[in-house]
Amino acid sequence: MPASGRSSDSAGFGRRALRGAAWSALETLGVSGVALIVSVVLARVLTPAEFGMIAMLQIFVAVSHVLVDSGFSSALIRCRRTALHESTALLLNTAVGLGIYAVLYLSAPMVADFYGTPSLAPVMRTLTLAIPLNAVCVVQVARLTAEMKFRHLCAVNGAAAVVSAATGLILAFAGYGVWALVWQQLSVWGTRTLLLWLTLRWTAPLRWGTREFREMSGFGWKLLVSSLIDSLWNNIYAPVLGRCFSLKATGWYWRADTLAMYGPVTLSTMLSRVAYPVFCRISADRLRMSEAMRRLIGVSAWVVFPFMALAMALAEPLFSLVLTDKWLPAVPYFRLLCAAAALYPLHALNLAALNASGRSDLFLRLEIVKKCLGAAMLVATIPLGVWWVCAGILIFNIICVPVNGAYARTYAGMSWLRQWTVALPMAVSAAVGAMLAYLVCKLQMADWLRIAAGASVMALCYLAAGALWRWRWYDELKRLLDNG
């Protein structure tokens with residue numbers, strides 16, 4: 001009877017995970033797809049300098065969101081939470097969010113003076129309103145994630161994406177310039193917060209639990225510091241470039257970076273949302289962790305490598321046709337950043353395995369080691385120009401593969417060499433297909449014909465390689481979730 005109970009529980013978890021994966025994929029693809037389409041339209045209407053202005057402020061928004069979360073989101077997902085846990089987290093998040101906004105509001109003129117752009121102050125004060133809005137819904141998102149209710153998240157985030165898209169497009173075409181980007185971002189958080197509070201009623205009394213705070217902070221503070229370092233690092237480039245180079249160059253870099261990261265981040269978000277609960281459940285079983293990692297790495301490489309390689313090959317006609325010629329200077333940056341971004345899912349899976357083990361101390365140590373390496377790379381490349389900064393990002397991401405793998409090896413059940421062995425056939429096949437697609441793109445044809453011909457050559461090459469290697473990664477993912 002006990003064995004049967006465990007089997008039934010495992011099967012039930014597997015079914016929930018599979019449903020969660022489907023809804024998470026739908027939400028991520030839908031929201032990211034809407035955001036991508038809107039960003040392309042806005043790029044055609046607005047100037048690189050206006051994008052550069054928003055890019056310089058993203059570091060304040062991103063870091064503040066991390067501080068608001070305080071590491072408690074992961075702690076709520078991982079622990080046996082109670083109403084008092086959630087109430088404590090909500091009170092703390094709200095207080096931190098309001099405090100951070102007050103500091104940023106007062107410091108906006110100093111930031112504007114630092115960049116020599118007076119118009120930056122009102123933009124910063126408005127854009128950072130997203131921080132307290134996010135603060136009051138962190139607990140609801142953690143609850144839905146822990147219970148794998150991705151259908152609910154899909155509906156909320158989908159509606160927020162539609163409202164944001166409409167807001168940004170209407171203001172852009174009405175001639176509001178940079179304010180279209182500001183209110184586009186702000187409307188996402190406002191709509192999301194409103195819908196979460198309307199659909200998830202808060203019935204428990206708001207009380208502070210000192211013991212609950214200590215439980216969550218004991219796990220969460222290390223993740224907070226790790227996330228803070230990571231967020232600072234991921235958003236440091238645009239402010240540095242904005243200080244050292246022109247707003248145009250900053251806008252070109254930021255547009256290239258956001259487009260390059262779109263596919264890998266979208267896939268990593270889908271995988272990590274489901275992988276983290278699965279990893280938490282099987283973290284004590286090294287064999288099952290190894291098998292789970294093998295399958296997830298295979299799935300991510302199978303999807304990401306060909307798309308990123310194709311994007312690199314078709315970058316010039318894509319930018320010219322979709323974004324217009326004013327964005328062509330971003331193409332060299334885009335190609336380097338695509339190569340770096342292709343490794344992102346591999347990094348994310350190793351970090352998810354380490355996180356699920358409960359070793360937030362190792363997670364923090366790993367972040368410090370990597371960011372010291374990255375900082376040295378940035379200092380070395382910034383005097384050489386934006387292209388070299390992008391080349392430094394690629395080199396840094398290559399170095400991070402063995403570094404992440406070395407720290408996560410015990411908990412992921414696989415060395416980084418074994419992980420790379422799983423991904424290597426897809427990487428080689430994608431590279432060969434991309435080279436052929438690039439040669440096709442050098443032919444004298446209309447942009448849309450070059451894109452269609454290059455994509456067709458890439459697809460045929462990659463499908464042929466899949467048949468030769470007998471890849472069945474969709475079946476592997478389904479098997480993982482069924483047995484999770």
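A compact table of results
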item	result
Rotationally averaged projected area of the range 302-418 (alpha carbon convex hull; nm²)	8.4
Sparse-neighbour loop sites [trypsin sites (Lys or Arg not before Pro); the range 359-465; at most 16 other C-beta within 10 Å; DSSP]	LYS442
For ALA406, net neighbour charge (Lys/Arg +1, Asp/Glu -1) across residues whose Cβ lies under 13 Å away	+4
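FYI, it's all coordinate maths here, none of it is from the lab. Worth saying up front: this structure is predicted, and the values here are computed from it rather than measured. Quick reminder, even Gly has a Cβ in these numbers, built from the backbone with ideal geometry, and neighbours come from all protein chains shown.
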